[in-house]
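Input: a single structure, listed below in structure tokens.
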Amino acid sequence: MLFPQHQLLIIPDLHTRLHSKRHIQIDTLILTKSYMLIIEIKNITGTLRFKKDPNQLVRIIDNIEEKSYACPLTQLDRNCDGIKTLFPSIELPIIQALVFPSQNTIIEDAPKNHHIFFAKQIPLFIQKLNTQPPILTNHQFNRIAKQLTKMNNNFTPDSLCNRMNINPEILKKGVLCKNCNSKLHRKSLQTWHCKTCLTTERNPIPSNIEDLFLLIKQDLSVKDCMHYLEINSRYTIYNSLKKMNVGKSGYKKTTKYNILH
Ligand SMILES: [Zn+2]
């Protein structure tokens, strides 16, 4: 049995935000009462060489550096540091492991100060970790587990414009057709028509607002929606938002909406 202790939390694909500019993304996080294990999985095959100054992972073909990647060990260090920031008072060892799923990967110049291995070696590695004595009490374990789960659920990805440094004003405005992205024309209260691909859509506003959350920003006001969708009626937007799975903060005209995942 890999985890003899009953208390165990495994979170695949943990996303959480530390502050507006920094978030943590961990492939797999394992929490036990003795340790926290952060696993970064890199699905790259071929011959990989670790390089320093700057830290890079380079794929080699025929002795030529064919492609370079951001160093996954740097990412692990950053994630580890992020987790320590979140739980400053806990004296739990945070162990990092970089795992390559493919046995066909050849690794050169692997730094000695990190755990780097193939996926099939994970069970043995975890068995060794499990011999460590527990550090957390049941109460502490439950508290951290609850906090980690909650943080993961609350994560909303940054908007595409923010991530890619795009000014949202350059994006096409209006209520857009989901097939061809042309501007839709309103035919009646609920029905919209696309002159390019000739589709008719019923009530396309909520899906267009969802796109705004993904593209433009995570918290939108009614005025933002009116601006980007080129709709003059505050009531139309308000009515659509009411039917969507959104949370809100603020008061009256300053109210901001955010999409709930
Ligand atoms: Zn269309």
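Throughout, read-outs are computed from the coordinates displayed, never taken from laboratory work. Please read all numbers here as calculations on a predicted model, not as lab measurements. A quick note on method: Cβ atoms are made from the backbone with ideal geometry, for glycine too, and the neighbour counts reach across all protein chains shown.
Give me the extension gain from Arg234 to His114: residue separation times 0.36 nm, minus the current Cα-Cα distance, reported in nm with one decimal.
Difference between extended and current length: 37.6 nm.
Helix-derived [θ] at 222 nm for the chain: sum -39500 (n - 2.57) over DSSP H runs of at least 4, divide by residue count, nearest 500? Don't skip to the end; give the middle numbers.
Values: 7 runs with 74 residues, N = 261.
Calculated mean residue ellipticity at 222 nm is -8500 deg cm²/dmol.
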If the cut-off is 17 Å between C-alpha atoms, which aspartates and glutamates fall inside it for Lys183, apart from same-chain ones fewer than 8 positions away? Glu169, Glu201, Glu210, Asp211, Glu230
Residue (of Leu29, Leu124, His114) at the positive-pole extreme of the chain, dipole from beta-carbon charges: Leu29
Within the chain, which whole H helices from DSSP have a Cα span along their axis of at least 18 Å and a mean Kyte-Doolittle hydropathy of -1.0 or more, if any? 72-86
Could you check the spin-label model distance between Leu9 and Leu214? Points 7 Å from the Cα along Cα→Cβ, value in nm. 2.9
Quick check: pseudo-label points 7 Å beyond the Cα along Cα→Cβ at His19 and Asn245, how many nm apart are they? 3.1
Put +1 on the Cβ of every Lys and Arg and -1 on every Asp and Glu Cβ in segment 8-154; which of Leu76, Ile64, Pro134 then has its Cα farthest towards the positive end of the dipole? Pro134
Overall Cα dimensions of segment 164-225, principal axis frame, Å, largest first: 34, 21, 14
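Give me the percent of DSSP beta bridges within the chain that run antiparallel, rounded to the nearest 5.
Numbers: 38 of 51 bridges.
DSSP beta bridges in the chain are roughly 75 percent antiparallel.
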In whole Å, what three semi-axes, largest first, describe the equivalent ellipsoid of segment 8-154 built from its Cα gyration tensor (square root of 5 times each eigenvalue)? 30, 18, 12
About the Cα centre of the chain, what is the dipole size in debye to 20, counting +1 per Lys and Arg Cβ and -1 per Asp and Glu Cβ, all else neutral? 1320
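Nearest 0.05, what FRET efficiency do Leu160 and Lys187 give at R0 = 25 Å with Cβ-Cβ as r? Could you put the intermediate results ahead of the total?
Numbers: r = 30 Å, r/R0 = 1.21.
E(calc), rounded to 0.05, equals 0.25.
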Theoretical FRET efficiency, 1/(1+(r/R0)^6), r = Cβ-Cβ of Thr255 and Leu124, R0 51 Å, to 0.05: 0.40
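Which entries of Lys51/Lys84; Lys33/Lys146; Lys21/Lys223; Lys223/Lys243 show an alpha-carbon separation above 23 angstrom in the structure shown? Numbers along the way, then the final one.
Numbers: Lys51/Lys84 26 Å; Lys33/Lys146 14 Å; Lys21/Lys223 25 Å; Lys223/Lys243 17 Å.
Listed pairs above 23 Å: Lys51/Lys84; Lys21/Lys223.
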What's the ranking of 112-119, 23-30 by average number of surrounding C-beta atoms within 10 Å, highest first? 23-30, 112-119
Per-selection metrics, the chain (Cα): Rg and Dmax in Å: 24.1, 69
